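Asker: Submitted below is the structure of interest, expressed as structure tokens.
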Amino acid sequence: MGFAEGAGKGGINGMGQQGYIGPCPPDREHRYFFKLYALDTKLGDLSTPRKDALEKAMRGHVLEQAELVGTYERAAKRSASR
């Protein structure tokens, strides 16, 4: 069983917006958590769920899960040389 590229649906992210927003730490290194779940069923139409609604819908259906923790920080600003 599989799914086509782009077949997934996006929910509400940590910024309160729909979809993925790339890393953009304001002041120092930040950690970003990416979680992948294998479920034993397709979830019903959740429209545009928040994290808590998605986790509630998945409850009891998780077969396996994986997590990647990535770190990212902005490159130091270069000073202009003359």
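Computed from the coordinates by the stated procedures, all read-outs in this text should not be read as laboratory data. Note that the structure is predicted; figures quoted are calculated from it, not measured. Here the Cβ positions follow ideal geometry from the backbone for every residue, glycine too, while neighbour counts run over all protein chains shown.
Asker: Based on DSSP H runs of at least 4 residues, each adding -39500 (n - 2.57), what is the mean residue ellipticity at 222 nm of the chain after dividing by all its residues, to the nearest 500 deg cm²/dmol?
Answerer: -2500 deg cm²/dmol
Asker: Where does the charge balance sit around PRO25 when Lys and Arg score +1, Asp and Glu -1, over other residues with C-beta under 12 Å from its C-beta?
Answerer: In short, 0.
Asker: So what are the three principal axis dimensions of the range 30-72 from its Cα atoms, in whole Å, longest to shortest?
Answerer: So the extents along the principal axes, rounded to whole Å, are 34, 23, 12.
Asker: Let me ask you something else. Translational diffusion coefficient of the chain at 20 °C, 1.002 mPa s, Stokes-Einstein with Kirkwood Rh over Cα pairs, in µm²/s as a whole number.
Answerer: Value of D from the Cα-based Kirkwood radius: 137 µm²/s.
Asker: Among VAL62, GLY10, LEU46, whose Cα sits farthest toward the positive end of the charge dipole of the chain (+1 at Cβ of Lys/Arg, -1 at Cβ of Asp/Glu, about the Cα centre)?
Answerer: Working it through, the farthest residue towards the positive pole turns out to be GLY10.
Asker: Please get the size of the charge dipole for the chain, origin at its Cα centre, with Cβ charges of +1 on Lys and Arg and -1 on Asp and Glu, quoted in debye to the nearest 20.
Answerer: Result for the chain is approximately 480 debye, rounded to the nearest 20.
Asker: Restricting to lysines 8 or more places apart or on different chains, can you count the pairs in the chain with Cα atoms under 22 Å from each other?
Answerer: Lysine pairs meeting the criterion: 8.
Asker: Still on this model: Within the chain, what's the longest run with no chymotrypsin sites (Phe, Trp or Tyr not before Pro) in a DSSP loop and at most 14 other beta-carbon atoms within 10 Å? Give the range, please.
Answerer: My reading of the result: 21-82 is the longest stretch.
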